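Notes for the one structure printed next.
The values are calculated or read from the model by the stated rules, or taken from the named source; none is laboratory data. Everything numeric here is computed off the predicted structure, so don't read it as measured data. Methodologically, a virtual Cβ is constructed for each residue, glycine included, from the backbone with ideal geometry; neighbour enumeration extends over all protein chains shown.
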Amino acid sequence: MVTGRFWWAAAVVVAVSAGAVGQQTAPASQPAAPAAPQAPGGGRQGRGGGPRGPAEQAQIGPGEECPPGMTEFRAGRCGKPASPPPSIVDYRPNSTVVAPQHLVPRAKFPVIDIHSHLAITPENMEQTIKQMDSLNLRVLVNLSGGSGGGLRQLVQTIRGSKHANRFRLFANVDLNGAGSPGWQEREVAELEQAVKDGAIGLKIFKNLGLTARKADGSRLKVDDPDLDPIWQAAARLNIPVFIHVADPAQFFAPIDYRNERWLELAIFPGREYPQDRYPSFEQLMAERDRMFARNPKTRFINAHFGWHGNDLGRAARHLDTLPNVVFEVGAVLYEFGRQPRAAREFFIKYQDRVMFGKDAYEPTEYPYYWRVFETKDEYFDYYRDYHAFWKLYGMELPDDVLRKLYYANAERIVPGLRVQ
Ligand SMILES: [Zn+2]
């Protein structure tokens, strides 16, 4: 993982080795930035030294856009920067905002992380418990529990330890080959056994709808009726289904300079879903929503806010039409943090329908969530520049909403969390 901090360090090394930093001093809290390249032709002239403006100009009409390399600096007038512009990879301006900062290393209330993939072993358990205690993480739910002997082994490790109440597991089913003779019976039986063995939910990965194949080689659609016995088994077993469908809509869109995730898609080209080979984002959403509606007795935890964190009106309609669905907040913090007032209203109105999850287990990243949810801090950094090139703002959620988000909703929706 490349963090903002790492980029800084790399940038400084490059700048120093190129001799570009010179005598410049940086603010104490931040490393020195590489110097901006000078305009060709030397230094700038002062106010008395004659007009200095854009290197080139162009006029545009209403609704027209500036030509590439130019920006609209006055209404209808485009200008080309006099200095060569930096690439978005290198442009990291220091914020000059001086505002109160309230770092939150430890959550205000105990937290259940419903979305983890950390497999606990005798080797990493004590270290993990120490980290969890300092963050106020009470329970970590590993969604990658698998099935059969592997799952039993993981349960054994947890139950045989002195931290048996701090870890839980969800089971998985094998989706490939759905529709083949005996598949339904086998997978339902595996799921029943996994629950007997200690699994407290079922996790469905994003391969459903994207890469999972039926026995005949066709794409396994999210709402394929062959899957209904699985959803119905979950309802009968009184376990929730944690489901991740699709990815951010921008991963399905052209990777051009309009794409908010351009940098991420350029760093991880494999995250793109070329539309000649994959279903569209909207097609996957439609399949998912039909499946949720057709299985009203099954409780679904819709991972990553169903990828609707950027459209809270749509997120609200989703919850309004599907009473058996709740949202999980993993990996979409940057959506709430850039619209904190609307997000705050949403979390208050739907306070019984949101659950905390983080996805990647990285102890240094949890405090960003606590800060967005708990404080009213403004204009602060996110932990991954390529996810979100913008700053975050705090939502200052009320205590009763925080409690529900952090643990109470999880305890209600996932009965297995209550059994100690
Ligand atoms: Zn995950």
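Across the stretch 306-345, which residue is farthest from residue 376 (Cα to Cα) among those that are of a type in the set (A, V, I, L, M) and part of a strand (DSSP E or B)?
325
Considering only residues in the stretch 346-362 that are part of a loop (DSSP other than H, G, I, E, B), more than 16 Å from the ligand (Cβ to nearest atom) and of a type in the set (D, E, K, R), the one that is surrounded by the fewest Cβ atoms within 10 Å (Cβ to Cβ) turns out to be 352. What about residue 300, is it over 27 Å from residue 212 (Cα atoms), within 16 Å of the ligand (Cβ to nearest atom) and of a type outside the set (Lys, Arg)? Here the answer is no, as residue 300 does not meet what is asked. So if I check each of 172, 165, which one is polar (S, T, N, Q), within 16 Å of the ligand (Cβ to nearest atom) and within 24 Å of residue 416 (Cα to Cα)? Just a single option satisfies the conditions, and that option is 172.
Within the stretch 345-384, the set of residues being at pLDDT 95 or above, among the basic types (Lys, Arg) and under 18 Å from the mean Cα position of the chain (by Cα) comprises 353, 358, 371. Here residue 263 fulfils each of the conditions (1) at pLDDT below 95; (2) within 16 Å of the ligand (Cβ to nearest atom) apart from (2).
Sort through 371, 341 and tell me the only one that's closer than 21 Å to residue 138 by Cβ and among the basic types (Lys, Arg).
The unique qualifying residue is 371.
When the stretch 375-400 is filtered for residues that are buried (at least 20 other Cβ atoms within 10 Å of the Cβ) and not in a loop (DSSP other than H, G, I, E, B), the ones remaining, listed by number, are 380, 392. Taken together, the residues in the stretch 110-136 that are assigned to a strand (DSSP E or B) and within 16 Å of the ligand (Cβ to nearest atom) amount to 5. Evaluate the stretch 83-90: report whether one residue or more is of a type in the set (Asp, Glu) and either within 16 Å of the ligand (Cβ to nearest atom) or more than 29 Å from residue 386 (Cα to Cα) (or both). Taking every residue of the stretch 83-90 in turn, none turns out to be of a type in the set (Asp, Glu) and either within 16 Å of the ligand (Cβ to nearest atom) or more than 29 Å from residue 386 (Cα to Cα) (or both).
Residue pairs whose Cβ atoms lie under 7 Å apart, separated by 6 or more positions or on different chains, with the first residue in the stretch 398-413 and closer than 20 Å to residue 302 by Cβ and in contact (Cβ under 8 Å) with a residue 40 or more places away in the chain and the second surrounded by 20 or more Cβ atoms within 10 Å (Cβ to Cβ) and basic (Lys, Arg), are 413/299.
The single residue among 150, 160, 177 that is away from the ligand (no atom under 16 Å from the Cβ) and modelled with pLDDT under 95 turns out to be 177. State all residues of the stretch 275-303 that are basic (Lys, Arg), more than 29 Å from residue 416 (Cβ to Cβ) and surrounded by 20 or more Cβ atoms within 10 Å (Cβ to Cβ); if no residue qualifies, say none. Within the stretch 275-303, none qualify.
When the residues of the stretch 198-217 are narrowed to those that are outside any loop (DSSP other than H, G, I, E, B) and away from the ligand (no atom under 15 Å from the Cβ), which ends up farthest from residue 306 (Cα to Cα)? Talk me through it step by step, then tell me what you get.
Within the stretch 198-217, the subset outside any loop (DSSP other than H, G, I, E, B) is 202-204, 213-214.
Okay, now just the ones that are also away from the ligand (no atom under 15 Å from the Cβ), so 213-214.
Working: 213: 22, 214: 24 Å.
Per the criteria, the residue is 214.
Can you confirm whether the stretch 380-392 contains a residue that is touching a residue at least 60 places away in the same chain (Cβ under 8 Å), acidic (Asp, Glu) and more than 19 Å from residue 109 (Cα to Cα)? Yes, that holds for at least one residue.
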